[in-house]
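First comes the structure, then the notes that go with it.
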Amino acid sequence: MGEPGESRRGPLKSAVPSNVVSPVRRCSRTACGRPAVATLTYVYADSTAVLGPLATYAEPHCYDLCAEHSERLTAPRGWEVVRLALDSGPPRPSGDDLEALANAVREAARPQERAAGGGGHGDRDTHPMEVARRGHLRVLRSPDS
């Protein structure tokens, strides 16, 4: 036969050229190429099929479905289908997220308090909240103490 990776017809080629592979997850149903919008998971112990928003990453025992197939989904006789609310768009920051961001910006803009008296502690004089350091990591004292 000759070289590994060769057959009688010549060198083996990839079944799918790399420029054709899409980063968009597709529907798991056979011959459906539409983009996935929901993830189907079976809970065999409870005889339940759970259809929810598209999972963050592809799981081996879950099925990604397009909008049409997720709407037409039926479960086996005796099984229950639980449909979780699907996301209608890109996630938006909540009020808590925005408040936390604003607090972090305020904290970063606040001038650093200098320790009273120069005790000759080297780097700790510039960072009064620093308790210890290991490499690039720092242990900081709680502001309450």
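The values are calculated or read from the model by the stated rules, or taken from the named source; none is laboratory data. Just so it is clear, the structure is predicted and the values come from calculations on it, not from any experiment. Glycine also receives a Cβ, built like all others from the backbone with ideal geometry; neighbour counts cover every protein chain displayed. These area figures cover heavy atoms from the full protein model, side chains too; ligands, DNA and RNA do not enter into them. Shrake-Rupley method; radii C 1.70, N 1.55, O 1.52, S 1.80 Å.
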Filter the range 58-78 for residues that are open to solvent by 100 Å² or more (accessible area, probe 1.4 Å) and assigned to a loop (DSSP other than H, G, I, E, B); which is farthest from TYR42 (Cα to Cα)?
ARG72
Show the residue pairs meeting these rules: Cβ distance below 6 Å; 6+ apart or different chains; first residue within the range 39-52 and in contact (Cβ under 8 Å) with a residue 60 or more places away in the chain; second residue polar (S, T, N, Q) and surrounded by 14 or more Cβ atoms within 10 Å (Cβ to Cβ).
none
Result of the Cβ filter at 8 Å on the range 55-67, keeping first residues that are farther than 16 Å from PRO23 by Cα and partners that are surrounded by 14 or more Cβ atoms within 10 Å (Cβ to Cβ) and of a type in the set (S, T, N, Q), at least 6 apart or interchain, is HIS61/THR41; CYS62/THR39; CYS62/THR41; TYR63/SER28; TYR63/THR39; TYR63/THR41
I'd like the residue in the range 24-41 that is assigned to a strand (DSSP E or B) and more than 12 Å from PRO53 (Cβ to Cβ) and, out of all such residues, is least open to solvent (accessible area, probe 1.4 Å).
PRO35
In this structure, is ALA55 outside any loop (DSSP other than H, G, I, E, B), aliphatic (A, V, I, L, M), touching a strand residue (DSSP E or B) at 6+ places or on another chain (Cβ under 9 Å) and at pLDDT 85 or above?
no
